[in-house]
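Trainee: Starting off with a structure, shown below.
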Amino acid sequence: MQKSASASSLGPGGLDLSNIFFKPIQNTSPPSPTKRHTKISVIGVGNVGMAIAQTILTQDLADEIALVDAQPAKLRGEMLDLQHAAAFLPRTKIIASTDYSVTVGSDLCIVSAGARQIAGESRLNLLQRNVALFRGIIPPLAKYSPGTILMIVSNPVDVLTYVAWKLSGFPSNRVVGSGTNLDSSRFRFLIADHLDVNAQDVQASIIGEHGDSSVALWSSISVGGVPILSFLEKQQIPYEKETLEGIHKAVVDSAYEVISLKGYTSWAIGYSAANLARSILRDQRKIHPVSVLAKGFYGIDDGDVFLSLPTLLGRGGVLGVTNVNLTDEEAQRLRKSAQTILKVQSQLGL
């Protein structure tokens, strides 16, 4: 399945024309040993996985993309569909297989496989259906790419990132969940929409669980470098806490709304995952709210729990956690969010 029917062997008897089409240059030297070949594997070719693969392709983030799924017909169809767009995209080798050996040598493995979230279903309710899938996914990825970075997108993402960490045996810096990176984008969009500015000029984060117990960091929101809440206070402009909570609730509910309208979410999480892939593989050292091992940060000391914190990402994966000044209320809510996730994890027996 790694090549489409239209490979280079088009000559008589399968003659490989690529070897005779070009006349070789004499006295050549081998390629520079510093040249990197970047490979990304995407596990799961459902709506989310294909949105991730498509966005990675259009943003020219990899030299090779490997797709893995349990449905061979669907998998081959998606591979061919992407290959047929080659004339419109940066040159990227696209391969696919139901066998995890196709992922060998991956720099980044993105796992989006999992049961689809049903309208009205909480992310945490997906857990038991997806843990069993991960037992068949994570160990092969670790086997064929022992130096890879694992990025978990499947929901409930925080608990499944913990599961992936446990099953892989990797150090915690090489296991990261997409977490609240998308929640924070939705948050920035809503604030920008209120102020009629570009969302890229809004600095705002949501941390904690990717779900109902997430924490909006209102105290650190700024627009164009201007801290919002302190600006309103200095201008003696009153604001109601209920209004702020309403915006946060809209962020939490937004995924459920999209699912109820179109049946699934895809495009936004595709851009979010590609955004994280860029920061990691190109060593951008950007700060993202992503799911990481949170023990020891912000007073979270009760157990090994993954949840989203403002995290510095680079070629080594998780490089550090930003020391943001939280209000007492924000810190309390974050610890409560950690307890929510830990309670669920305690039922896994890992």
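Trainee: For the chain, take the longest principal axis of its alpha carbons; what is the angle in degrees between that and the long axis of helix 47-58, to the nearest 10 within 0 to 90?
Mentor: 70
Trainee: Here is a follow-up. Shape verdict for the range 13-90, please, from the Cα gyration tensor: rounded (a/c under 1.5), prolate (a/b greater than b/c) or oblate.
Mentor: Prolate is the answer for the range 13-90, as a/c is 1.5 or above and a/b outweighs b/c.
Trainee: Too long at a 20 Å Cα-Cα cut-off: which of Lys143/Lys166; Lys286/Lys343; Lys166/Lys343; Lys39/Lys93?
Mentor: Pairs exceeding the cut-off: Lys286/Lys343.
Trainee: Sticking with this one: Probe 1.4 Å, all protein chains in place: accessible area of Val153 in Å², nearest 10?
Mentor: Number for this one is 10 Å².
Trainee: Run the reach check for Lys336 against aspartates and glutamates, Cα to Cα strictly under 16 Å, same-chain hits fewer than 8 apart removed. What comes back?
Mentor: Asp158, Glu209, Asp212, Asp301, Asp302, Asp304, Asp328
Trainee: Quick one: net charge around Leu348, please, counting Lys, Arg +1 and Asp, Glu -1 for every other residue with C-beta under 12 Å from its C-beta.
Mentor: On the way: positive: Arg135, Lys166, Lys343; negative: Asp304.
Local charge sum for Leu348: +2.
Trainee: Suppose we keep just the DSSP beta bridges with both residues in the chain; what percent of those would be antiparallel, to 5?
Mentor: Of the beta bridges lying entirely in the chain, close to 50 percent run antiparallel.
Trainee: Might you tell me the accessible area per residue for the range 118-242, computed with a 1.4 Å probe and given in Å²?
Mentor: 44
Trainee: Using a/c under 1.5 as the rounded threshold, could you call the range 105-187 rounded, prolate or oblate? The axes a ≥ b ≥ c are square roots of the C-alpha gyration tensor eigenvalues, and prolate needs a/b larger than b/c, oblate otherwise.
Mentor: Oblate shape, in that a/c is at least 1.5 and b/c is the bigger or equal ratio.
Trainee: Sticking with this structure for a sec: How charged is the neighbourhood of Gly314? Take every other residue with its Cβ under 13 Å from the Cβ of Gly314, and add Lys/Arg as +1 and Asp/Glu as -1.
Mentor: +4
Trainee: So, one more: Calculate the FRET efficiency for Lys93 and Ala199 from the Cβ-Cβ distance with a Förster distance of 30 Å, rounded to the nearest 0.05.
Mentor: Working: r = 34 Å, r/R0 = 1.13.
E between Lys93 and Ala199, to the nearest 0.05, is 0.35.
Trainee: Using only DSSP helix segments of four residues or longer, with each worth -39500 (n - 2.57), what per-residue ellipticity at 222 nm results for the chain after dividing by its residue count and rounding to 500?
Mentor: Taken over the chain, the calculation gives -12500 deg cm²/dmol.
Trainee: Residues with amide H under 5 Å of Lys93's amide H, sequence separation 5 or more or different chain, H placed in the peptide plane at 1.01 Å from N; which?
Mentor: Under 5 Å from the amide H of Lys93: Glu64, Ile65.
Trainee: If you plug each phi of the range 295-301 into the Karplus form 6.51 cos²θ - 1.76 cosθ + 1.60 with θ = phi - 60°, what whole-Hz ³J(HN,Hα) values come out, in order, with x for Gly and Pro?
Mentor: 4, x, 10, 6, x, 8, 10
Trainee: What is the percent carbon and sulfur in the accessible area of the range 190-255, measuring with a 1.4 Å probe over the protein chains and ignoring ligands?
Mentor: Carbon with sulfur: 52 percent of the solvent-accessible area.
Trainee: Per residue, how many Å² of accessible area does the range 258-350 show with a 1.4 Å probe?
Mentor: So the range 258-350 comes to 48 Å² accessible per residue, rounded to a whole number.
Trainee: With a cut-off of 8 Å between alpha carbons and a minimum separation of six or more residues, what is the relative contact order of the chain in percent?
Mentor: Computed over the chain, the figure is 16 percent.
Trainee: Follow-up question, since we're still on this one. Does the chain come out rounded, prolate or oblate by the C-alpha gyration tensor, with a ≥ b ≥ c the root eigenvalues, rounded set by a/c under 1.5 and, if not, prolate when a/b is larger than b/c and oblate if not?
Mentor: It is prolate, given that a/c is not under 1.5 and a/b is the larger ratio.
Trainee: Where does the charge balance sit around Ala250 when Lys and Arg score +1, Asp and Glu -1, over other residues with C-beta under 12 Å from its C-beta?
Mentor: Charge balance in the 12 Å sphere: -3.
Trainee: So, one more: With +1 on each Lys and Arg Cβ and -1 on each Asp and Glu Cβ, how big is the dipole of the range 230-336 about its Cα centre, in debye rounded to the nearest 20?
Mentor: Here the range 230-336 has a charge dipole of around 600 debye.
Trainee: Counting other C-beta atoms within 10 Å, and keeping those with at most 13, which DSSP coil GluC sites (Glu not before Pro) do you find in the range 134-240?
Mentor: Glu240
The values are calculated or read from the model by the stated rules, or taken from the named source; none is laboratory data. Source: prediction; values computed, not measured. Neighbour counts are summed over all protein chains in view; Cβ atoms, including those assigned to glycine, are modelled from backbone coordinates with ideal geometry. These area figures cover heavy atoms from the full protein model, side chains too; ligands, DNA and RNA do not enter into them. Shrake-Rupley method; radii C 1.70, N 1.55, O 1.52, S 1.80 Å.
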